[in-house]
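Chemist: Encoded as structure tokens, here's the structure I'll be asking about.
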Amino acid sequence: MSEFIYQNTARIKGPILLDRFRLEELSETLNKEWARMEALWTARVEELAKAELQEYGHRYPQELEEDRLKAAREYIESRKYSAERVRYVVGELEGERSVKVQTLEELLRRPEIQENRLKSIRVEWRIIDVEFSLEIARFGDEVGIDVRPKQGETSRELFSVIRQWARAIEPSLSLKIWATIREPAIFVVGMCVLALLFYAMWTPLADKKPLVDKAETLLDKGIDQNEERAALELLLRLETGSYGTPPADKPNWPWIALTAATVGCLIAAIRPSTVIGVGPGEKSLDRWRIWGKLVWFSSPAFIVTSVLSYFISKIMDGLLS
């Protein structure tokens, strides 16, 4: 008999900008799911208690059946409930400190969270043979969901509910692109800086073209006796590479192109990791959102400027001359 193996693990790559509203939404979802698990556990305890009473109940009078059922429930809960029921949330703070509580709702209310930046949140459950883990890691830059076992309706329903919440916090397309271009942007910044240093040290040579044009003119019209000396001098200059006095100034457009490309890529390279917007993280979240808007307006402008730098330089030279 074949059996379907359902997905029970998800990894959502960051950067994820997670605000308090989404965390409170998650807290409410987790509370509802735990209540559902508790109801399932209560039903299981009742089922086990009745099975035990049915097996051993013939030893006791029928009028004591309810007392024996109650005792069976208490016995099962004391024997299994504490071992099979685990529920805690850990919030890791800056400075290698952490806060461990039972629920996410409680964590969000703790004064330590309001005063210190929250680096990560980890939720761990174990109840009625279901193990559930949810981790929001700032430095891991991802949200991880893991529910075991893979089979079973309870596991599938829990994973489906949490995965639905996680879809709402996935980074936008622009944020995904921003995260993807970070490494190439850093590489381009390095290349542009090296090019700027090389261009700063480079000394321009005199242009050969005016001498070539003059030689072509002499060849076209012919060389008379009076121009032989000038033609000989021209030939010697071309052969020896003495093309005259080099230009005093370098062209402006390479400076504009390289500087604009450096600034544009440098801006694009500065992007957030996953931010948990609680306590000090709220201001950090607002700053990154403002920075994101700046990046998407300024970086393309600088890159276009670098591409059109030659024409911009000509226009500027014309305006300043």
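No lab work stands behind these numbers, since they all come straight from the coordinates. It should be emphasised that the depicted structure is a prediction, and the values quoted were computed from it without experimental measurement. Glycine also receives a Cβ, built like all others from the backbone with ideal geometry; neighbour counts cover every protein chain displayed.
Chemist: Determine the gain in length on full extension of the stretch K13-V161; use 0.36 nm per residue of separation and subtract their C-alpha separation, reporting nm with one decimal. The partial results should precede the final answer.
Modeler: On the way: separation 148, 0.36 × 148 = 53.28 nm, distance 1.88 nm.
The span from K13 to V161 would gain 51.4 nm if fully extended.
Chemist: Skipping prolines and chain starts, which residues have an amide H placed within reach, meaning under 5 Å, of the one on L93, given they are 5 or more residues away or on another chain?
Modeler: S98, V99, K119
Chemist: In addition: Could you give each residue of segment 187-192 its phi-based ³J(HN,Hα) in whole Hz, using Karplus coefficients 6.51, -1.76, 1.60 with θ = phi - 60°, and x for Gly or Pro?
Modeler: For segment 187-192, the Karplus curve yields 4, 5, 4, x, 5, 5 Hz.
Chemist: Efficiency by 1/(1 + (r/R0)^6): what FRET value for A168 and V307, r their Cβ-Cβ distance, R0 = 35 Å, to the nearest 0.05?
Modeler: Efficiency at R0 = 35 Å is approximately 0.40.
Chemist: Which cross-chain or sequence-distant (5 or more) residues have an amide H under 5 Å from the amide H of D19, H modelled 1.01 Å from N in plane?
Modeler: Those lying under 5 Å, H to H, from D19 are G277.
Chemist: Nearest 0.05, what FRET efficiency do K176 and E115 give at R0 = 30 Å with Cβ-Cβ as r?
Modeler: Numbers: r = 33 Å, r/R0 = 1.09.
Calculated value: 0.40.
Chemist: Related question: Just to be sure I understand the model, the point goes 7 Å from the Cα along the line to the Cβ. What's the resulting E105 to M191 distance in nm?
Modeler: Spacing of the two 7 Å Cα→Cβ label points: 5.5 nm.
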